[in-house]
Structure formats: structure tokens, C-alpha cells
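Single-structure report; data block below.
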Amino acid sequence: MHLPPKSIDHQYSHELKAMLDTMREGMLFISCKGFIWLCNQRVNHLLNKNLQERTNFKDFIEDNFFGFSLTKHLKNKTSPDTTLLTIASQKTRHLEIISNFVPLDTSSTSQREGLLIVVRDLTSAHLLQEELTRQERLESLGTLAASLAHEIRNPLTAIEGFAGLLRQDLKNNTQQLELVEHILEGARAIGYLITNMLDYAKPLQVQIKRTPLLQPLKDSVAMAIASKWCRSEDIHLTCKDDLKVSCDVQLLKSCLLNLIRNASEAKKCNQQQSIEIEAKTSADQNQVHICVKDQGIGIAEQDVEKIFSPFFTTKPAGTGLGLSQVDKMMRAQAGSVTVTSKQAGTSFTLILPSKHPFVCKKNI
Ligand code: ADP
Ligand code: MG
């Protein structure tokens, strides 16, 4: 095999090489004969390869690895169009490949020509774009839901009103009265769904401040017990007196109530549901994690990624809006929500910043 002379390594100094290694972009130069003359550490990191200088590129990547034929462009001395490449390893990366046919060293007499390939990581921009699209989708869904809800409300009020009158007329006819009760029950369920949909579509008012966590947790537990979702002996709260968190207290309570209600609804047949709420600071002290854990029926593996989508429910009378609302409320507080679920039960974690550099008030 014809290897380029060793002296090529010395054509650019160690300093230059060190400088290239600190670049955010991956850099790769392939000579006309197909030898890698230059590659920085970043290129290997981004491409998840182990390219070596002074070796043939074909030992590491296929000819059309970047979405164009390297051999063809090296032979014709042409610059390929910019391409986008997705590398699916442990972490999926979205890369932009910008290539130019250039002489590497114009001062040298031995024309070192080849393809200079710059690899840019667009993963964050890509994720941001996905998030924007998701937000837009949710927003249009919210608007649609709100207008639908308004349209349904009027005929629904009529149904409820007339069924109420019928109930009075049929006071003495138990059989038919039962049928009317079914109509009323159905109308109430639709009404409940509509209220939830309208709440979901409403913009959130957010007021974030650093506040002690124990009281909002206690309030939420008390509310869950008063609503008869669980008995006081079945719900346990662990939180240090002095633990503080940066949040909107009302939104946080609303998130907790949603999680506690779901936990109580996930109870296994004929078993009391035990719910543990534990709040603690993360190892680096920057976040507070509030974990709501139950020993209920768990979530089927294929459903886990769907549960935060609006209208996903496995319950006969569910709205499927609770968790998507929790997700929205946590994002509005610069936080997030995660879930792990096994047959032995489910655990949701609300993650919030423990400190905020500023007190903010905004509409989301
Ligand atoms: P809903 O409660 O109206 O169904 P949610 O958005 O609150 O809507 O929840 C969506 C779905 O997520 C539920 O229908 C259920 O399948 C699942 N889920 C949520 N919390 C739990 C839990 N603690 N245990 C098991 N499944 C749960
Ligand atoms: Mg729910």
C-alpha cells in the first residue's frame, strides 16, 4: 500500500493539532489518494468512529458514508453539496456535513489537494425544532379543543336540562327513571371532560418564587384525603422542614394532585394503595426531586411513552389530560416530570430547580 511520507505529520505543528482538537466542529481532510491527512478528536466523537491519520479512509468508513461518493469527488476534484447525516448510536446525533475540495497547503510545491470535510453537530438545534413543532401541535390542539368544547356545551346544557325535567315527571316510574339517570350521568361525564379540555387550553399564569416545599406538599396530601382519593394512613410524606424550591406553588400543588389521583386510581383489585411522597435535593444541590410512588398496577411498557400525550387514557372514564397538563405545568416552572414503572408499581418524579437567579412572572 502506498503511504504518504511521514513528514506530512510535521507539516502542521503540534500546536495547530491541539487547536483543532479543541474545536466544536469535526475536521477531516482526505487527500486525492484517499489518505486521511488530518482528523481532529471531535470528528471521531461526532461520527462515533476511530479514524486515524495516515491511513486510508476506506479502512474506517464506506465510500458514501457522508451521503456522497468520496472517491468520485476526489477523482473529479469537485465539492459535494452539504448533506445531513443522522448517527444512531447510544445518543442519536444529527450532523451537517460541509465539504470543499481544496489544496491543503498552497505554499508547498507538492500540491496537497483533497476534500476538507467539516462536521457540525446540529442535535440541539434539531431537538429545539422538534420541541417547537410539538408545542405548535399542542397549541393548535388546545385551540381546537377549546372551540369544540364551547360548541358542545350548549346542546349539553339542553340535554341536562330536559333530562332533569323528565326525571321530575318520572318520579314514580323507577324503571324509566333509571334510564334518565343514565342520560344525566353521561351528560355529567361529557361536562367533566369539557371543563378539563378548557382548562388544558387556557394559558397558564406562572409566578415563580423560591419557597419552602413542605407546606404545599402537606396541602396537596390534605386535599387528596378530603377528596377521598386515599386514606390518611395510606399516604406517607417525607420532606425536610427547611427544603426550599423554586416554583409556582399553585401549579406545583396541581401537579401533585394529578399524580396522587392517578396513583390512587391505579390501585390493584381488592388492595389498599399505599402512596409514598418523598422530596429531596439532587446530589449536585441544583434541583429538588419530588417522587410520588405507588404499588399499583403499573404502566404497560408500550404505553409509557404515550402517557404524557393529551387524550391518552386507559381508564373508561378518563380524560387523558392530567399528565399532559402536569408536563405543561412543570415546563412552565423550568422543571420536568419523569416516570418509571414496573409491575410492582409506578414512580413519577417532579424535578424543579432549587434556586432561581431571578423571580419571574410570565404567561405560557
Ligand atoms: P387519566 O387519568 O384521565 O387517564 P392521565 O393523563 O392522568 O389521564 O393519565 C394517563 C394514563 O397514564 C392513565 O390512563 C394511565 O393509563 C396511566 N397512568 C398515569 N398514572 C399512573 C399510575 N400511577 N399507575 C399506572 N398508570 C398510570
Ligand atoms: Mg389522571
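When the inverse distances between all different Cα atoms of region 114-195 are averaged and flipped, the Kirkwood radius reads 17.0 angstrom.
Taking one quarter of the surface of the convex hull spanned by the alpha-carbon atoms of region 142-187 gives a direction-averaged projected area of 3.1 nm². Could you tell me which of the pairs Lys202/Lys228; Lys268/Lys342; Lys202/Lys306 are separated by over 20 angstrom between their Cα atoms in the structure shown? Pairs exceeding 20 Å: Lys202/Lys228; Lys202/Lys306. Rg then Dmax, both in Å and based on the Cα atoms of the chain: 30.4, 109. Modelled spin-label separation between Leu122 and Glu139, with each label point placed 7 Å from Cα along the Cα-to-Cβ direction: 2.2 nm.
Over the chain, dividing the summed -39,500 (n - 2.57) contributions of all DSSP H runs of at least 4 residues by the number of residues returns a 222 nm mean residue ellipticity of -12500 deg cm²/dmol. Of the peptides 330-341, 169-180, the order by per-residue mean of other Cβ atoms within 10 Å, starting with the highest, comes out as 330-341, 169-180. For the chain, a Gaussian network of Cα nodes joined below 10 Å ranks Gly26, Gly298, Gly142 by mean-square fluctuation, and the top entry is Gly26.
Binning all Cα-Cα separations of region 158-275 at 10 Å, short to long from zero, yields these whole-percent fractions: 11, 26, 26, 22, 10, 4, 0. Let me know the shape class of region 10-94, please: from the alpha-carbon gyration tensor, a ≥ b ≥ c as square roots of the eigenvalues, rounded when a/c is under 1.5, otherwise prolate if a/b is greater than b/c, or oblate. Taking the square roots of the gyration eigenvalues as a ≥ b ≥ c, region 10-94 is oblate.
We did not get these values from a lab; they are worked out from the coordinates using the rules stated. All figures in this text were calculated on a predicted structure; none of them were measured in a lab. Positions of Cβ are generated from backbone atoms using ideal geometry, with glycine treated the same way; all protein chains shown enter the neighbour counts.
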